[in-house]
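The values are calculated or read from the model by the stated rules, or taken from the named source; none is laboratory data. Not measured: the values here are computed from a predicted model. Positions of Cβ are generated from backbone atoms using ideal geometry, with glycine treated the same way; all protein chains shown enter the neighbour counts.
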């Protein structure tokens, strides 16, 4: 074992005396230093057995001085020849000490899996987290000057989890603790020469036997896994946030190899009754869908499991949940099946599918929904869903018609989002299914469009740009319907009483009927 320099050793001996880890009646010469693994074990015991916050704080300060002053050759090596078993022993000793340090700022746990703690329960956490961040930075600074990388990769996962826990804007943090945790994360990146958080987790992306080259993702998941079970994940509010942060750093092709470990937690979050947990689960699932090859998602029926987990949320009344779920389902459906619009019209495969199930349920909810915010959510997704259906939308024409007629009758100030979206839907349906736009539909739809134009032209509360957009879109709808059946449409348009219409409406109708 390399010996520390004389001055450094004297200072280190004095520090060990302060910690009562080294006994000698003579100040000179300094007594032999203890084994580093034995010293780390004693420090861990003292931290765990500290009887008060002041004792803990004093111990943490001494440990920080130890990492700042001790020779790295003594801190991080056991023998001149680093035997594999001894190195594992050293890594285990450092992980145990780091666990004890992090435990000094552990978040309190809920007593059950359904409760939540009051903010007062976290009041002391920020002041405890700051010194822990400081001592871990000192350790990383010493490790950064050490040539071996195995020890850094071993201790980096718990340090990363701790930093991520405390740099987020949450009830257990404050500005100083968040700044300290962010500084700790930056120190971790510097120590290992990682460019950013993604590089920290997955390294250069090349796999080797036993793990990933230079990345700590497996280690981070190992740290989180015991708290991510069905019965325990709700007891510590931070674990779901650290997991989601970790997942959102991953992109192709790094995510796919870890899918068996990354998929179950979002499904747990998604199934929770609290909207905030459900939304977190949906966001995580959406990230997985967007960043995993379709073949990997279809393997072992993973995509079907995700679909069933998401589809049930279409029956909820939470606007934010519905919005996320609809967007996620639209991307997931492309993994599960080809859109009906992409199939050969003469193909026998053109039969009802999951796209039909989603469109049918959305239309049913739109018909019955009175909440304006939810109506906007449904209306925003309907054009894309109808476009995916193509000519297969014919299977849903009656429901589409009822939704369009109902939504055109109800104002939606100030942007008139609902009306504009259903006008877009009507245009797409008309283009895709024009042979099926029968006379009865033409009659009802044209009357509704004409009534809309009259109402909009006389509505003084509408912004000019919104009025112009509504008139333009309604005019285009009338033109498309007119092109489907010029004779029937002309009959309806000729019944318009010019004395009841503004010049603006009449001008729009002239552009439709003039060839």
Can you tell which of 184, 139, 107 is modelled with pLDDT of 90 or more, assigned to a helix (DSSP H, G or I) and within 24 Å of the chain's Cα centre (by Cα)? 184
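Name the one entry in 460, 472 that is without any contact (Cβ under 8 Å) to a residue 12 or more places away in the chain and within 29 Å of residue 326 (Cβ to Cβ). Walk me through how you get there before you give the answer.
On the way: 460 fails: within 29 Å of residue 326 (Cβ to Cβ).
Step by step, each of 460, 472 is checked, and only 472 is without any contact (Cβ under 8 Å) to a residue 12 or more places away in the chain and within 29 Å of residue 326 (Cβ to Cβ).
Taking helices (runs of 4 or more DSSP H) that do not extend beyond the range 219-277, which have at least 3 residues that are under 20 Å from residue 125 (Cβ atoms) and touching a residue at least 24 places away in the same chain (Cβ under 8 Å)?
Working: elements: 237-248, 259-262, 264-270.
It comes to 237-248.
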Take residue 280 and tell me if it is touching a helix residue (DSSP H, G or I) at 6+ places or on another chain (Cβ under 9 Å), part of a helix (DSSP H, G or I), more than 24 Å from residue 236 (Cα to Cα) and at pLDDT 95 or above. no
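Being free of Cβ contacts under 8 Å to residues at least 40 places away in the same chain, over 19 Å from residue 97 (Cα atoms) and either in contact with a helix residue (DSSP H, G or I) (Cβ under 6 Å, 6 or more places away or on another chain) or surrounded by 18 or more Cβ atoms within 10 Å (Cβ to Cβ) (or both) is the filter here, so list the residues in the range 139-178 that pass it.
If we filter the range 139-178 for residues that are free of Cβ contacts under 8 Å to residues at least 40 places away in the same chain, which is where we start, we get 147, 163, 167, 169, 175, 178.
Subset that is over 19 Å from residue 97 (Cα atoms): 147, 167, 169, 175, 178.
Scanning the range 139-178 gives 167, 178.
How about the range 349-371: which of its residues are over 15 Å from residue 339 (Cβ atoms), outside any helix (DSSP H, G or I) and touching a helix residue (DSSP H, G or I) at 6+ places or on another chain (Cβ under 9 Å)? Outline the logic, then answer.
Step one: list which residues in the range 349-371 are over 15 Å from residue 339 (Cβ atoms), which gives 360-371.
Still in the list and also outside any helix (DSSP H, G or I): 369-371.
Matches in the range 349-371: 369, 371.
Residue 344 - would you say it is loosely packed, with under 14 Cβ neighbours inside 10 Å and touching a helix residue (DSSP H, G or I) at 6+ places or on another chain (Cβ under 6 Å)? Before you say what the answer is, go through the steps one by one.
Values: loosely packed, with under 14 Cβ neighbours inside 10 Å: yes; touching a helix residue (DSSP H, G or I) at 6+ places or on another chain (Cβ under 6 Å): no.
Answer is no for this residue.
Name the residue that is modelled with the lowest pLDDT, counting only residues in the range 355-371 that are crowded, with 16+ Cβ neighbours inside 10 Å and more than 16 Å from residue 394 (Cα to Cα). Give the steps one after another, and end with the answer.
Here is the first cut: in the range 355-371, the ones crowded, with 16+ Cβ neighbours inside 10 Å are 355-356, 358-359, 362-363, 365-366, 369.
Checking which are more than 16 Å from residue 394 (Cα to Cα) leaves us with 365-366, 369.
On the way: 365: 95, 366: 95, 369: 90.
So, considering only residues that are crowded, with 16+ Cβ neighbours inside 10 Å and more than 16 Å from residue 394 (Cα to Cα), the one modelled with the lowest pLDDT is 369.
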